[in-house]
1. Restricting attention to the range 46-104, report how many residues are over 20 Å from Arg12 (Cβ atoms) and aliphatic (A, V, I, L, M).
2. Could you tell me whether the range 51-66 includes any residue that is among the small types (Gly, Ala, Ser) and closer than 16 Å to Leu17 by Cα?
3. Taking the range 66-85, which residues are within 15 Å of ligand 1 (Cβ to nearest atom) and surrounded by 17 or more Cβ atoms within 10 Å (Cβ to Cβ)?
4. For the condition out of contact with any helix residue (DSSP H, G or I) (no Cβ under 8 Å at 6 or more places or on another chain), farther than 29 Å from Phe135 by Cβ and either within 12 Å of ligand 1 (Cβ to nearest atom) or not acidic (Asp, Glu) (or both), what is the one hit in Asn38, Asn62?
5. May I ask you to say which residue of Leu191, Leu165 is surrounded by 16 or more Cβ atoms within 10 Å (Cβ to Cβ), under 30 Å from Val112 (Cβ atoms) and touching an Asp or Glu at 6+ places or on another chain (Cβ under 7 Å)?
6. Considering the range 56-99 alone, what residues qualify as being under 20 Å from Ala44 (Cβ atoms) and in contact (Cβ under 8 Å) with a residue 60 or more places away in the chain?
7. Arg18: among the basic types (Lys, Arg), farther than 29 Å from His352 by Cα and free of Cβ contacts under 8 Å to residues at least 40 places away in the same chain, yes or no?
8. Please list, ordered by first then second residue, the pairs with beta carbon atoms under 8 Å, 6 or more apart or interchain, first in the range 100-115 and in the same structural domain as Ala42 (by TED's automatic domain parsing), second surrounded by fewer than 14 Cβ atoms within 10 Å (Cβ to Cβ).
Amino acid sequence: MEFSWLELKDFRSYRELRIEPHPGINVFVGSNGAGKTNLLEAAAYLTSFRSFRGAPDEALINDEGEAAVVRGEVRHVASTSLIESELPRRGRRRVRVNGQRPARSTDLLGHVRAVMFLPDDLDIVKRGPAYRRDFLDAVAVQLWPGAYLDQQEYERTLRQRNSLLRQSGREVDEPTLAVWDQRLSQAAGKLMVRRTGAAAVLREGITETYARLSGVGTRVELHYASKWGGSLQEEGADTVAEVLAEALEGSHRADIERRVTTMGPHRDEPWFTVDGRDARTRASQGEQRTLALSLRLASHTAISDAAGEVALLLLDDVFSELDMERANALAGMLPPAQTFITTAREEEVPVHGRTFLVEPGSIR
Ligand SMILES: Nc1ncnc2c1ncn2[C@@H]1O[C@H](COP(=O)(O)OP(=O)(O)OP(=O)(O)O)[C@@H](O)[C@H]1O
Ligand SMILES: [Mg+2]
(Lines give C-alpha, C1' and ligand atoms only; values in the text may rest on other atoms or scores of the structure.)
(Ligands and ions follow the chains in the order given, each with its own letter.)
Protein backbone atom coordinates (compact mmCIF):
# COMPACT_ATOMS: atom_id res chain seq x y z
CA MET A 1 0.00 0.00 0.00
CA GLU A 2 1.12 3.54 -0.48
CA PHE A 3 0.00 7.10 0.04
CA SER A 4 -0.58 8.82 -3.29
CA TRP A 5 -0.99 12.05 -1.37
CA LEU A 6 -1.21 13.26 2.17
CA GLU A 7 -2.76 16.53 3.34
CA LEU A 8 -2.53 18.23 6.70
CA LYS A 9 -4.40 21.22 8.00
CA ASP A 10 -3.48 22.78 11.32
CA PHE A 11 -1.69 19.63 12.39
CA ARG A 12 1.17 20.47 14.80
CA SER A 13 3.52 22.97 13.10
CA TYR A 14 1.71 22.80 9.73
CA ARG A 15 -1.09 25.19 8.77
CA GLU A 16 -1.59 23.76 5.27
CA LEU A 17 0.42 20.99 3.67
CA ARG A 18 0.08 18.62 0.77
CA ILE A 19 2.73 16.15 -0.26
CA GLU A 20 2.78 13.58 -3.02
CA PRO A 21 5.28 10.99 -1.92
CA HIS A 22 7.08 8.57 -4.20
CA PRO A 23 5.80 4.97 -4.00
CA GLY A 24 9.31 3.98 -2.93
CA ILE A 25 11.76 5.84 -0.73
CA ASN A 26 11.16 9.40 0.46
CA VAL A 27 13.76 11.28 2.47
CA PHE A 28 12.68 14.27 4.54
CA VAL A 29 15.61 16.51 5.38
CA GLY A 30 15.38 19.38 7.83
CA SER A 31 17.00 20.88 10.86
CA ASN A 32 15.95 20.17 14.45
CA GLY A 33 12.44 21.38 15.15
CA ALA A 34 11.61 21.82 11.46
CA GLY A 35 8.65 19.44 11.61
CA LYS A 36 9.96 16.08 10.40
CA THR A 37 8.60 13.97 13.22
CA ASN A 38 5.33 15.90 13.03
CA LEU A 39 4.89 14.67 9.47
CA LEU A 40 5.48 11.03 10.41
CA GLU A 41 3.15 11.47 13.36
CA ALA A 42 0.44 12.62 10.95
CA ALA A 43 0.98 9.67 8.60
CA ALA A 44 0.98 7.25 11.53
CA TYR A 45 -2.17 8.88 12.89
CA LEU A 46 -4.11 7.31 10.02
CA THR A 47 -2.93 3.90 11.22
CA SER A 48 -3.93 3.99 14.88
CA PHE A 49 -5.83 7.31 15.27
CA ARG A 50 -3.60 8.39 18.06
CA SER A 51 -0.19 9.98 18.38
CA PHE A 52 2.66 7.50 18.37
CA ARG A 53 4.35 9.91 20.80
CA GLY A 54 1.51 9.37 23.25
CA ALA A 55 0.41 13.00 22.92
CA PRO A 56 -3.26 13.80 23.52
CA ASP A 57 -5.23 14.81 20.41
CA GLU A 58 -5.32 18.38 21.61
CA ALA A 59 -1.54 18.72 21.39
CA LEU A 60 -1.80 17.84 17.69
CA ILE A 61 -3.90 20.90 16.83
CA ASN A 62 -1.85 23.85 15.62
CA ASP A 63 -1.63 26.55 18.27
CA GLU A 64 -3.40 28.99 15.95
CA GLY A 65 -5.95 26.53 14.55
CA GLU A 66 -9.38 25.31 15.61
CA ALA A 67 -9.17 21.75 14.28
CA ALA A 68 -6.43 19.53 12.95
CA VAL A 69 -7.12 17.56 9.79
CA VAL A 70 -5.11 14.66 8.35
CA ARG A 71 -6.27 13.20 5.08
CA GLY A 72 -4.64 10.74 2.76
CA GLU A 73 -5.34 8.64 -0.29
CA VAL A 74 -3.97 5.13 -0.03
CA ARG A 75 -3.49 2.91 -3.05
CA HIS A 76 -3.99 -0.77 -2.35
CA VAL A 77 -3.38 -3.68 -4.67
CA ALA A 78 -6.81 -3.46 -6.29
CA SER A 79 -8.45 -0.37 -4.82
CA THR A 80 -7.85 3.00 -3.26
CA SER A 81 -9.15 4.39 -0.03
CA LEU A 82 -9.49 7.89 1.30
CA ILE A 83 -8.91 8.17 5.04
CA GLU A 84 -9.77 11.43 6.77
CA SER A 85 -9.55 12.45 10.34
CA GLU A 86 -10.58 15.73 11.89
CA LEU A 87 -9.73 16.66 15.46
CA PRO A 88 -11.61 19.72 16.67
CA ARG A 89 -10.49 21.61 19.75
CA ARG A 90 -13.95 21.07 21.19
CA GLY A 91 -16.15 18.08 20.51
CA ARG A 92 -15.49 14.65 19.15
CA ARG A 93 -12.96 13.49 16.63
CA ARG A 94 -14.41 12.58 13.25
CA VAL A 95 -13.00 9.86 11.06
CA ARG A 96 -14.22 8.96 7.60
CA VAL A 97 -13.24 6.17 5.27
CA ASN A 98 -14.18 6.82 1.65
CA GLY A 99 -16.46 9.58 2.86
CA GLN A 100 -18.37 7.35 5.26
CA ARG A 101 -18.29 7.14 9.01
CA PRO A 102 -17.54 3.51 9.82
CA ALA A 103 -20.11 1.81 12.02
CA ARG A 104 -17.63 0.10 14.33
CA SER A 105 -14.39 1.52 15.67
CA THR A 106 -12.39 -1.44 14.40
CA ASP A 107 -13.56 -0.67 10.85
CA LEU A 108 -11.25 2.34 11.05
CA LEU A 109 -8.21 0.22 11.58
CA GLY A 110 -6.28 -1.72 9.01
CA HIS A 111 -6.66 0.70 6.08
CA VAL A 112 -3.19 2.06 6.65
CA ARG A 113 -0.64 -0.28 8.13
CA ALA A 114 2.71 1.15 9.01
CA VAL A 115 5.75 0.13 10.97
CA MET A 116 7.69 2.89 12.60
CA PHE A 117 11.37 2.80 13.52
CA LEU A 118 12.39 5.19 16.29
CA PRO A 119 15.61 5.85 18.17
CA ASP A 120 13.57 5.03 21.30
CA ASP A 121 13.03 1.47 20.06
CA LEU A 122 16.02 0.59 22.18
CA ASP A 123 13.64 0.97 25.13
CA ILE A 124 11.82 -2.18 24.02
CA VAL A 125 15.02 -4.12 24.57
CA LYS A 126 16.57 -2.24 27.49
CA ARG A 127 13.80 -1.01 29.72
CA GLY A 128 11.08 -2.63 31.79
CA PRO A 129 8.67 -5.39 30.70
CA ALA A 130 5.86 -2.89 30.02
CA TYR A 131 7.70 -1.80 26.86
CA ARG A 132 7.78 -5.37 25.57
CA ARG A 133 4.14 -6.04 26.45
CA ASP A 134 3.15 -2.85 24.63
CA PHE A 135 5.28 -3.80 21.66
CA LEU A 136 3.62 -7.22 21.32
CA ASP A 137 0.15 -5.75 21.80
CA ALA A 138 0.77 -3.02 19.22
CA VAL A 139 1.94 -5.59 16.67
CA ALA A 140 -1.18 -7.65 17.41
CA VAL A 141 -3.45 -4.69 16.56
CA GLN A 142 -1.80 -4.27 13.18
CA LEU A 143 -2.01 -7.99 12.51
CA TRP A 144 -5.64 -8.26 13.62
CA PRO A 145 -7.44 -4.92 14.14
CA GLY A 146 -9.99 -6.66 16.43
CA ALA A 147 -7.19 -7.09 18.98
CA TYR A 148 -7.71 -3.44 19.80
CA LEU A 149 -11.12 -4.16 21.32
CA ASP A 150 -9.78 -7.10 23.30
CA GLN A 151 -7.01 -4.95 24.75
CA GLN A 152 -9.43 -2.17 25.62
CA GLU A 153 -11.78 -4.59 27.30
CA TYR A 154 -8.98 -5.99 29.41
CA GLU A 155 -7.79 -2.52 30.42
CA ARG A 156 -11.30 -1.43 31.31
CA THR A 157 -12.04 -4.53 33.35
CA LEU A 158 -8.71 -4.26 35.14
CA ARG A 159 -9.42 -0.63 36.04
CA GLN A 160 -12.80 -1.62 37.46
CA ARG A 161 -11.40 -4.48 39.53
CA ASN A 162 -8.64 -2.20 40.81
CA SER A 163 -11.05 0.54 41.67
CA LEU A 164 -13.15 -1.92 43.70
CA LEU A 165 -10.02 -2.96 45.60
CA ARG A 166 -8.93 0.62 46.12
CA GLN A 167 -12.29 1.89 47.30
CA SER A 168 -13.33 -0.99 49.52
CA GLY A 169 -9.98 -1.87 51.07
CA ARG A 170 -10.41 -4.60 53.66
CA GLU A 171 -14.17 -4.25 53.53
CA VAL A 172 -14.25 -5.65 50.02
CA ASP A 173 -17.17 -7.92 49.30
CA GLU A 174 -15.62 -11.20 48.21
CA PRO A 175 -18.49 -12.41 46.03
CA THR A 176 -18.28 -9.10 44.15
CA LEU A 177 -14.54 -9.51 43.77
CA ALA A 178 -15.15 -13.03 42.44
CA VAL A 179 -17.42 -11.59 39.74
CA TRP A 180 -14.55 -9.35 38.64
CA ASP A 181 -12.18 -12.34 38.70
CA GLN A 182 -14.43 -13.97 36.12
CA ARG A 183 -14.72 -10.90 33.93
CA LEU A 184 -11.02 -10.16 34.05
CA SER A 185 -10.16 -13.77 33.23
CA GLN A 186 -12.46 -13.82 30.24
CA ALA A 187 -10.91 -10.62 28.91
CA ALA A 188 -7.42 -11.95 29.63
CA GLY A 189 -8.12 -15.06 27.58
CA LYS A 190 -8.83 -12.98 24.49
CA LEU A 191 -5.91 -10.64 25.14
CA MET A 192 -3.50 -13.55 25.55
CA VAL A 193 -4.58 -15.21 22.31
CA ARG A 194 -3.59 -11.99 20.50
CA ARG A 195 -0.34 -11.50 22.39
CA THR A 196 0.67 -15.12 21.90
CA GLY A 197 -0.26 -14.97 18.26
CA ALA A 198 1.86 -11.87 17.70
CA ALA A 199 4.80 -13.49 19.48
CA ALA A 200 4.43 -16.62 17.36
CA VAL A 201 4.55 -14.79 14.04
CA LEU A 202 7.48 -12.66 15.18
CA ARG A 203 9.58 -15.40 16.65
CA GLU A 204 11.09 -16.81 13.48
CA GLY A 205 11.44 -13.44 11.82
CA ILE A 206 13.46 -12.00 14.67
CA THR A 207 16.21 -14.59 14.48
CA GLU A 208 16.34 -14.36 10.72
CA THR A 209 16.50 -10.56 10.54
CA TYR A 210 19.01 -10.46 13.39
CA ALA A 211 21.28 -12.85 11.51
CA ARG A 212 20.99 -10.84 8.32
CA LEU A 213 21.69 -7.55 10.08
CA SER A 214 24.66 -8.77 12.08
CA GLY A 215 26.09 -11.28 9.63
CA VAL A 216 26.33 -13.92 12.35
CA GLY A 217 23.96 -16.76 13.16
CA THR A 218 23.15 -15.66 16.68
CA ARG A 219 20.09 -17.20 18.27
CA VAL A 220 17.58 -14.62 19.41
CA GLU A 221 14.66 -15.77 21.50
CA LEU A 222 11.54 -14.28 22.98
CA HIS A 223 10.53 -15.64 26.40
CA TYR A 224 7.59 -15.01 28.64
CA ALA A 225 7.14 -15.26 32.39
CA SER A 226 4.00 -14.82 34.43
CA LYS A 227 3.05 -15.48 38.03
CA TRP A 228 -0.28 -17.02 37.12
CA GLY A 229 0.71 -19.51 34.46
CA GLY A 230 0.33 -17.43 31.33
CA SER A 231 2.82 -18.38 28.63
CA LEU A 232 3.51 -18.03 24.95
CA GLN A 233 2.26 -21.56 24.34
CA GLU A 234 -0.97 -21.23 22.45
CA GLU A 235 -3.61 -22.47 24.81
CA GLY A 236 -6.85 -20.87 23.67
CA ALA A 237 -8.89 -18.19 25.38
CA ASP A 238 -10.97 -20.55 27.52
CA THR A 239 -8.00 -22.37 28.99
CA VAL A 240 -6.24 -19.10 29.77
CA ALA A 241 -9.40 -17.77 31.39
CA GLU A 242 -9.74 -20.83 33.61
CA VAL A 243 -6.12 -20.74 34.74
CA LEU A 244 -6.22 -17.03 35.52
CA ALA A 245 -9.57 -17.24 37.32
CA GLU A 246 -8.12 -19.78 39.69
CA ALA A 247 -4.96 -17.75 40.23
CA LEU A 248 -6.97 -14.60 40.91
CA GLU A 249 -9.05 -16.39 43.50
CA GLY A 250 -5.84 -17.50 45.18
CA SER A 251 -4.50 -13.98 45.22
CA HIS A 252 -7.47 -12.29 46.91
CA ARG A 253 -5.52 -11.80 50.10
CA ALA A 254 -2.53 -10.18 48.37
CA ASP A 255 -4.80 -8.07 46.16
CA ILE A 256 -6.85 -6.83 49.11
CA GLU A 257 -3.71 -6.03 51.04
CA ARG A 258 -2.12 -4.08 48.21
CA ARG A 259 -5.41 -2.76 46.86
CA VAL A 260 -4.46 -3.65 43.32
CA THR A 261 -4.63 -6.66 40.97
CA THR A 262 -1.26 -8.24 41.52
CA MET A 263 -1.29 -10.77 38.70
CA GLY A 264 -2.48 -11.12 35.16
CA PRO A 265 -1.24 -10.31 31.67
CA HIS A 266 -0.69 -6.67 32.73
CA ARG A 267 2.13 -7.81 35.01
CA ASP A 268 3.70 -10.42 32.73
CA GLU A 269 7.32 -10.22 31.75
CA PRO A 270 8.38 -10.89 28.20
CA TRP A 271 12.14 -10.84 27.62
CA PHE A 272 14.64 -11.52 24.88
CA THR A 273 17.83 -13.51 24.91
CA VAL A 274 20.73 -13.19 22.51
CA ASP A 275 22.72 -16.40 22.44
CA GLY A 276 20.98 -17.45 25.63
CA ARG A 277 21.84 -14.27 27.55
CA ASP A 278 19.27 -11.77 28.79
CA ALA A 279 19.33 -9.00 26.20
CA ARG A 280 18.31 -6.37 28.72
CA THR A 281 21.21 -6.82 31.10
CA ARG A 282 23.82 -8.87 29.28
CA ALA A 283 23.81 -7.90 25.61
CA SER A 284 26.16 -5.24 24.28
CA GLN A 285 24.86 -1.86 23.07
CA GLY A 286 25.39 -2.97 19.50
CA GLU A 287 23.55 -6.25 20.03
CA GLN A 288 20.67 -4.38 21.68
CA ARG A 289 20.43 -1.99 18.76
CA THR A 290 20.52 -4.82 16.22
CA LEU A 291 17.80 -6.59 18.18
CA ALA A 292 15.63 -3.45 18.21
CA LEU A 293 15.99 -3.13 14.44
CA SER A 294 15.22 -6.79 13.89
CA LEU A 295 12.03 -6.46 15.95
CA ARG A 296 10.79 -3.75 13.61
CA LEU A 297 11.86 -5.50 10.43
CA ALA A 298 10.24 -8.75 11.58
CA SER A 299 7.04 -6.85 12.47
CA HIS A 300 6.97 -5.32 9.02
CA THR A 301 7.17 -8.73 7.35
CA ALA A 302 4.52 -10.21 9.64
CA ILE A 303 2.13 -7.27 9.25
CA SER A 304 2.57 -7.20 5.48
CA ASP A 305 1.87 -10.94 5.29
CA ALA A 306 -1.27 -10.55 7.39
CA ALA A 307 -2.48 -7.59 5.34
CA GLY A 308 -1.73 -9.25 2.02
CA GLU A 309 0.09 -6.09 0.90
CA VAL A 310 3.26 -4.30 1.85
CA ALA A 311 2.92 -2.05 4.89
CA LEU A 312 4.48 1.42 5.02
CA LEU A 313 7.81 2.04 6.71
CA LEU A 314 8.35 5.20 8.74
CA LEU A 315 11.93 5.74 9.94
CA ASP A 316 12.32 8.68 12.28
CA ASP A 317 15.91 9.80 12.56
CA VAL A 318 17.14 6.24 12.77
CA PHE A 319 20.31 6.24 10.71
CA SER A 320 22.10 8.86 12.81
CA GLU A 321 21.98 6.45 15.75
CA LEU A 322 23.69 3.63 13.89
CA ASP A 323 27.32 2.98 13.08
CA MET A 324 28.08 2.78 9.38
CA GLU A 325 28.06 -0.99 9.26
CA ARG A 326 24.61 -1.28 10.82
CA ALA A 327 23.28 1.65 8.82
CA ASN A 328 24.35 -0.06 5.61
CA ALA A 329 22.99 -3.40 6.76
CA LEU A 330 19.63 -1.83 7.54
CA ALA A 331 19.60 0.03 4.23
CA GLY A 332 20.30 -3.24 2.42
CA MET A 333 17.43 -4.96 4.18
CA LEU A 334 14.72 -2.36 3.72
CA PRO A 335 11.83 -4.13 2.04
CA PRO A 336 10.30 -2.68 -1.13
CA ALA A 337 7.75 -0.56 0.69
CA GLN A 338 6.73 3.05 0.56
CA THR A 339 9.23 4.45 3.03
CA PHE A 340 9.47 7.79 4.81
CA ILE A 341 12.88 8.55 6.25
CA THR A 342 13.60 11.69 8.27
CA THR A 343 17.02 13.09 8.94
CA ALA A 344 18.76 16.29 9.91
CA ARG A 345 21.77 15.29 7.81
CA GLU A 346 21.13 13.78 4.43
CA GLU A 347 24.64 12.32 4.14
CA GLU A 348 23.84 9.96 7.03
CA VAL A 349 21.13 8.21 5.04
CA PRO A 350 22.68 5.47 2.92
CA VAL A 351 19.71 5.15 0.54
CA HIS A 352 18.42 7.44 -2.15
CA GLY A 353 14.92 8.41 -3.03
CA ARG A 354 12.77 11.44 -3.55
CA THR A 355 14.12 14.19 -1.30
CA PHE A 356 11.95 16.73 0.47
CA LEU A 357 13.21 19.80 2.32
CA VAL A 358 11.40 20.38 5.58
CA GLU A 359 11.22 23.90 6.95
CA PRO A 360 9.00 25.18 9.74
CA GLY A 361 5.45 24.98 8.37
CA SER A 362 6.32 23.73 4.90
CA ILE A 363 7.79 20.87 2.88
CA ARG A 364 9.25 21.30 -0.59
N1 LIG B 1 0.35 22.00 18.29
C2 LIG B 1 1.39 22.65 17.76
N3 LIG B 1 1.22 23.84 17.14
C4 LIG B 1 2.29 24.48 16.60
N5 LIG B 1 3.54 24.01 16.61
C6 LIG B 1 3.76 22.84 17.21
C7 LIG B 1 2.70 22.09 17.80
N8 LIG B 1 3.21 20.95 18.32
C9 LIG B 1 4.54 20.99 18.06
N10 LIG B 1 4.87 22.11 17.39
C11 LIG B 1 6.20 22.49 16.94
O12 LIG B 1 6.76 21.53 16.09
C13 LIG B 1 8.17 21.57 16.23
C14 LIG B 1 8.75 20.19 16.43
O15 LIG B 1 8.55 19.48 15.29
P16 LIG B 1 9.19 18.04 15.11
O17 LIG B 1 9.18 17.28 16.37
O18 LIG B 1 8.50 17.45 13.94
O19 LIG B 1 10.68 18.46 14.77
P20 LIG B 1 11.77 17.57 14.02
O21 LIG B 1 11.97 18.15 12.66
O22 LIG B 1 11.41 16.16 14.10
O23 LIG B 1 13.03 17.92 14.93
P24 LIG B 1 14.21 16.95 15.46
O25 LIG B 1 15.20 16.86 14.34
O26 LIG B 1 14.75 17.72 16.61
O27 LIG B 1 13.62 15.66 15.84
C28 LIG B 1 8.50 22.34 17.47
O29 LIG B 1 9.12 23.54 17.10
C30 LIG B 1 7.16 22.59 18.10
O31 LIG B 1 7.11 23.82 18.72
MG1 LIG C 1 12.15 14.57 15.18
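The values are calculated or read from the model by the stated rules, or taken from the named source; none is laboratory data. Keep in mind it's a predicted model, so treat the numbers as computed, not measured. All Cβ positions, even for glycine, are placed from backbone atoms using ideal geometry, and neighbour counts span all protein chains on display.
1. Matching residues across the range 46-104 total 6.
2. First pass over the range 51-66, keeping only residues among the small types (Gly, Ala, Ser): 51, 54-55, 59, 65.
Filter once more, so that each one left must be closer than 16 Å to Leu17 by Cα: 65.
Scanning the range 51-66, I find at least one residue that is among the small types (Gly, Ala, Ser) and closer than 16 Å to Leu17 by Cα, so the answer is yes.
3. First, pick out the residues of the range 66-85 that are within 15 Å of ligand 1 (Cβ to nearest atom): 66-70.
Scanning the range 66-85 gives Ala67, Ala68, Val69, Val70.
4. Details: Asn38 fails: farther than 29 Å from Phe135 by Cβ.
Residue meeting the stated conditions: Asn62.
5. Working: Leu165 fails: under 30 Å from Val112 (Cβ atoms).
Only one candidate passes the filter, namely Leu191.
6. Passing the criteria: Ala68, Val69, Val70, Arg71, Gly72, Glu73, Val74, Arg75, His76, Thr80.
7. On the way: among the basic types (Lys, Arg): yes; farther than 29 Å from His352 by Cα: no; free of Cβ contacts under 8 Å to residues at least 40 places away in the same chain: yes.
Answer is no for this residue.
8. Final answer for the pair search is Arg101/Arg94.
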